[in-house]
Amino acid sequence: MYASREDIGYDFGDDSKVGSKPIKPNPNIDGGWAWMIVLSSFLVHILIMGSQMALGILNMEWLEEFNQSRGLTAWVSSLSMGITLIVGPFIGLFISMCGCRTTAIIGGILNALGWILSAYASNVHYLFLTFGVTAGIGSGMVYLPAVVMVGQYFQKRRALAQGLSTTGTGFGAFLMTALLKYLCMEFGWRNAMFIQGAISLNLCVCGALMRPLSPKDLSEKYVVKSNSADNQAKALSHSTETIKSNGALSEEPEKKEEAANEEVFGSVQHIEIGGKSGSRRNMNGLCILKTVSQLTVTVRKGFALWYSSYFGAASLFTNRVFVAFIIWALFAYSSFVIPFIHLPEIVKQYNLSRQNNVFPLTSIIAIVHIFGKVILGIISDLPCISTWNVFLMANFTLVTCILTLPLMQTYVGLAVVCALIGFSSGYFSLMPVVTEDLVGTKHLANAYGIIICANGISALFGPPFAGWIYDITQKYDFSFYIAGLLYMVGIIFLLIQPCIQKKQGREKSTEEA
């Protein structure tokens, strides 16, 4: 286990130049507007993740309305939840080109459109397209910017900020479940989806709050960050020099391209001024040409950053620790989702329905999950505590609970294990922090997009796989054992790869000496 970047030897730096001249920190970093970003992200988690965790209400209505199999109907919810996360890498491209604010506003409109169109569904397959795909893509376009913006606005209290914002998932699960249940009872499920679509338009307001930081603000954040740890600054500068020597992420091509673009825009402006004596039509044509030119440059730069992150010389996949992180993500999320899906059946098998109706085990997970995110965030922000170590300890606790849950056959035993699952799964709030530590703020959108894509694949296929195992064995025990063992494999990758990379870095330093 490690405590800082230099222990791993990251392949990515923040591309910041650490100067000796002290720079006054931006008041919006770790304060000011940063807390509005947390509020915006909190509301996004309520409206998106909270709604998705409450889809069981609508799933019952769809079963009654369309008379389809449970397996086919369940794919509507699975598609919506899975696509929200799977589209992460492509949403990273939108963020690179348009920024977080524009991406989130477009996503809010698309999500609301998906809910509203689903109100007119004539069959389950119609819901696959309108709710599963359309609303799912819209949710992904809002969710990723909400996480990325918190990472950009916070440095000293990143883990706490992410923890507070992601608690919206737990609050949303309670609020949206009660809301959808009330709307379905009073107005029917179709009108309920129409009303929920109107409510989802508030995602556009959340997106509008995502005011982007200027490059100067970001550079000030990096300076504050580097001054807090001199040895980390040396490691970052060494990493940056290494990258530039390989011809990757160099700032020179960007500066040349920007200079060329300024010349183009300047010439267009000159022609525009000179053409004032001409016709109005030519003036409008020049304005359109200038707008198209600026848009083209923005798209090209955004695509270049996105492409280099995935396929260039400085690809994210050249960072072996990050690759191990992806492998972990492929197995991790299903271990959290499977208990939510199959706990009711386990309770029924053990004849514990009466106690579970008084206080459902899934509610215990959701409530403790909220506190877990905040508490783990506070602990991770302590100067003497490593975020990575907290992250690993929470993972070990969760996988132990997953493996021991089938052994508990009393309500009290299951309640204790579920409480531990809820608390340890609070590490979700640390995932953006760990990702940013691995790749830097510049690559956070693309990198976290890959991570949540892996989580989406896990969420999409994990619960059906557990159901398939049950059909074969007629027991849920093996579903939890297999999920736990796969989860343990992912954790082992996280443990081994940093040690290998650290050892290779030492050997390389010895050879150079």
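The values are calculated or read from the model by the stated rules, or taken from the named source; none is laboratory data. Bear in mind that the values here come from a model prediction, so they are computed numbers and not experimental data. As a convention, Cβ positions derive from the backbone with ideal geometry for all residues, glycine included, and neighbour counts pool all protein chains shown. Each accessible area value is taken on the protein alone, full model and side chains, heavy atoms only, with ligands, DNA and RNA left out. Shrake-Rupley method; radii C 1.70, N 1.55, O 1.52, S 1.80 Å.
Quick rundown of the values:
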{"read-out": "Amide H within-cut-off set for W33, under 5 Å, with H built and near neighbours excluded", "value": "none"}
{"read-out": "Using θ = phi - 60° and Karplus 6.51 cos²θ - 1.76 cosθ + 1.60, couplings along segment 100-107 (whole Hz; Gly, Pro as x)", "value": "5, 4, 5, 4, 5, 5, 4, x"}
{"read-out": "Centroid-to-centroid separation of segment 58-85 and segment 358-405 [C-alpha atoms, Å]", "value": "29"}
{"read-out": "Contour minus Cα-Cα distance for C287 and S353 (0.36 nm per residue)", "value": "16.9 nm"}
{"read-out": "Calculated FRET efficiency for the pair L407/I496, C-beta based, R₀ 25 Å, to 0.05", "value": "0.30"}
{"read-out": "Rel. contact order, % - alpha carbon contacts under 8 angstrom, at least six apart, segment 312-508", "value": "39"}
{"read-out": "Heavy-atom surface of segment 312-508, accessible at 1.4 Å and reported per residue (Å²)", "value": "40"}
{"read-out": "³J(HN,Hα) computed for each position of segment 122-138 - Karplus, 6.51 cos²θ - 1.76 cosθ + 1.60, integer Hz, glycine/proline x", "value": "9, 7, 5, 5, 4, 5, 4, 7, 6, 8, x, 8, 5, 5, x, 5, x"}
{"read-out": "Accessible area in the full protein assembly, largest first, 1.4 Å probe, for C98, C384", "value": "C384, C98"}
{"read-out": "Most to least accessible of W468, W115, W33 (protein chains only, probe 1.4 Å)", "value": "W468, W33, W115"}
{"read-out": "Ranked by how many other beta carbons lie within 10 Å on average, peptides 439-449, 65-75, 50-60 from highest", "value": "439-449, 50-60, 65-75"}
{"read-out": "Within segment 98-125: backbone nitrogen closer than 17 Å to the I199 label point (7 Å, Cα to C-beta)", "value": "108-109, 111-119"}
{"read-out": "Which of L330, L414 is most accessible, then next, and so on - probe 1.4 Å", "value": "L330, L414"}
